[in-house]
Structures are given as C-alpha cells and as structure tokens.
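Down below is the structure, laid out as structure tokens.
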Number of protein chains: 2
Amino acid sequence: MSSNDTCPVCRTAEIVCGKWTLLVIRDLAEGRSRFCELERSLHGISPRTLSLRLRALEEEGIVERQTFPEVPPRVEYALTDKGRALVPLIEDMRAYGIQWLAVDCIDEDGADETTAAADGEPVAEREPAIAAV
Amino acid sequence: MSSNDTCPVCRTAEIVCGKWTLLVIRDLAEGRSRFCELERSLHGISPRTLSLRLRALEEEGIVERQTFPEVPPRVEYALTDKGRALVPLIEDMRAYGIQWLAVDCIDEDGADETTAAADGEPVAEREPAIAAV
DNA sequence: CGCAATGCTTCACGAACTGAAGTAAGCGGC
DNA sequence: GCCGCTTACTTCAGTTCGTGAAGCATTGCG
C-alpha cells in the first residue's frame, strides 16, 4: 500500500495498526469470545468498528468465527495459531507500558504525563506476562 | 482516550498505532535521522503526517529533536531510551511478519543492518502453516 | 535574478472512526 | 397476540484523520 510491502515490519504494522485491532486480539487471547463481551470490555468501541475488525482479522486468518444456530444467535470468535503468535507482541507492549508509561490508575490529571516519564528513567522493572486488567 | 487508560497495553497501543509511527521509529532505530531521509525512506508518507508523528513522539519523550542553525537548516531526530525500548517490539513484528506473513525481508534501502545486528535472539524459523490466501 | 535544498505548513479531499439508532429472530411474560 | 428482551450486527450522519500537491522561508551558488 503506502510503504514498502516487502518489509515484514510494514506488513505486520498494517495488520496491527488499526485502531482497536491489538486490543481485540488481547481480549480474545484473554478468553473473551463473544461480540458483546468484546464490545463491553473494549468500552468505547463502536459495534461497526468491532465488526469491521473481526471481519478483517478473520480474513487475515488471525481469528476464527463460529456461529451457533441458537436463539438468541451466538457467535464465538477465537484466535488461530496465527493470531496467538501475536500474543508475545502484546506482552512486549504490556512490558513497555509498565516500564515506560507506568501510571497505575491516574491519567486524567492531564498535562504532566510526558514530563514524568520522558526524562529517561524507566519507571518500573519488567514484570512478566499476564497481568490482571 | 477510548478504552481503559489503566491498561499498559492500551497506552502502548495508543502510541504505537498511529499509521506510520512504528515505521518512523524503526527508521530512526536504523540510523536515519533527518526529516527528508525519513520522508524518502517511508515513501508514501505525507510530510504533514511525518511532521505530526515526529512532534507527537517528541512530546512523548520517544524522540529527541536537535536543530542546527546551518544553511540550509538541519534538524536531526534520534530515539531516546524510551524510544529505543520500542525496538524489541519492532523486532517482534519483524519476526511475526517473517514467520506468518511469509515474505522475505528485502529492504533495498540497505536497511538490513538491524536484522543482522539485532539478532540477539535468533528468529526461530518455525514452519508457518502456510497460509495460502 | 532564479534555482536549489531543507524542513516544514496549508489546503481540499477522501477515507476511517464514532455514537446513536435500527434490524432480524425467537423466547418468555402478560 | 403483543410487548419487550437478547444477540449480533448494519445503517446513517457527523467528526476526525491521513493524503498529495503546493507553498513558504532561508540563503548559497551560478
């Protein structure tokens, strides 16, 4: 598309850089599987965007969609191997967030967030894997 | 803003998910430092977007900007520690791209140094269950 | 003087994302 | 029978984001 298509970083970036994509994958990795579960977990996502993301991800072979002909209709989404292979990436992002973006619960004070962390000092040491969200 | 601000994944995602952001960081990590170098390397990026990205990244404390009062005026951008900490993430993306998006890394710009140099952990060449899409 | 180079900014346009609302299909309550 | 509830979406209008072309400011060179 826009940049070098032969570059694996670019190609991964194109998958990953949609606005909610990574978060959808994270939620799927954490066991959420249904549309409305994702919708509630990712609070703020519009159903259109979620629908678009899931469909794109399905087309990429990153998620699998399974419909159950029940009432009310049930649809479950799950990561494929190709999707699960993105989990380390997400864990890296979590580690980065913890190390360099470390704000535990407070963000809406605004203004100063950059000066706090931008001075070149990591805020926490590396925490392994799955944290409670 | 959109989702849970207490989640480190979300906060990292917000930094990383701008359309060219990761690629800008990669180029910076590979040694490119000037506006027009980046502009040419990321062919297809609009100067406005590059300018926006660089400024946002600077405000995040991820890149440092240094101006030289020469003629023509020179400006150099470089990653801070906080920015360099994102390189493993990019390497993960490269590994993912190579494993699952099955295109070899052909960076004709001589960008190959990182693949060679950043090989602290060898990219395991697993068999990607060949996605014939 | 006119042109070139660098590092932007401005502009108009189209693509992407948003929030609210609507749709379909059937179950349970009244 | 009719109403409302649920799920998994789709549609719509509106806002924000990214694009490509062009412009601006500086000043050294021919």
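The values are calculated or read from the model by the stated rules, or taken from the named source; none is laboratory data. Model, not experiment: these values are computed from the prediction. Heads up, the Cβs are rebuilt from the backbone with ideal geometry, glycines too, and the neighbour counts pull from every protein chain shown. Just so you know, the surface numbers come from the protein's heavy atoms only, side chains and all, with ligands and any DNA or RNA stripped out. Shrake-Rupley method; radii C 1.70, N 1.55, O 1.52, S 1.80 Å.
So here's what we get for this one:
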item: Top-ranked residue of region B:11-37 - restricted to ones that are assigned to a helix (DSSP H, G or I) and away from chain A (no Cβ under 11 Å), ranked as farthest from DNA strand C (Cβ to nearest atom); result: B:L28
item: Of residues in region A:38-52 being near DNA strand D (Cβ under 7 Å from one of its atoms) and outside any loop (DSSP other than H, G, I, E, B), the one farthest from the other protein chains (Cβ to nearest Cβ); result: A:S51
item: Members of region B:78-98 that are assigned to a helix (DSSP H, G or I) and open to solvent by 30 Å² or more (accessible area, probe 1.4 Å); result: B:D81, B:R84, B:V87, B:P88, B:E91, B:D92, B:I98
item: Complete set of residues in region B:38-92 that are among the polar types (S, T, N, Q) and away from DNA strand C (no atom under 15 Å from the Cβ); result: B:T80
item: Flag if B:S33 is farther than 18 Å from A:I90 by Cα, at pLDDT 90 or above, open to solvent by 20 Å² or more (accessible area, probe 1.4 Å) and more than 15 Å from the chain's Cα centre (by Cα); result: no
item: Subset tally (residues that are more than 10 Å from DNA strand D (Cβ to nearest atom) and either modelled with pLDDT under 90 or not assigned by TED's automatic domain parsing to the domain that holds A:S33 (or both)) for region A:53-77; result: 1
item: Pairs with Cβ under 8 Å, 6+ apart, first in region B:23-35 and free of Cβ contacts under 8 Å to residues at least 12 places away in the same chain, second part of a helix (DSSP H, G or I) and open to solvent by 40 Å² or more (accessible area, probe 1.4 Å); result: none
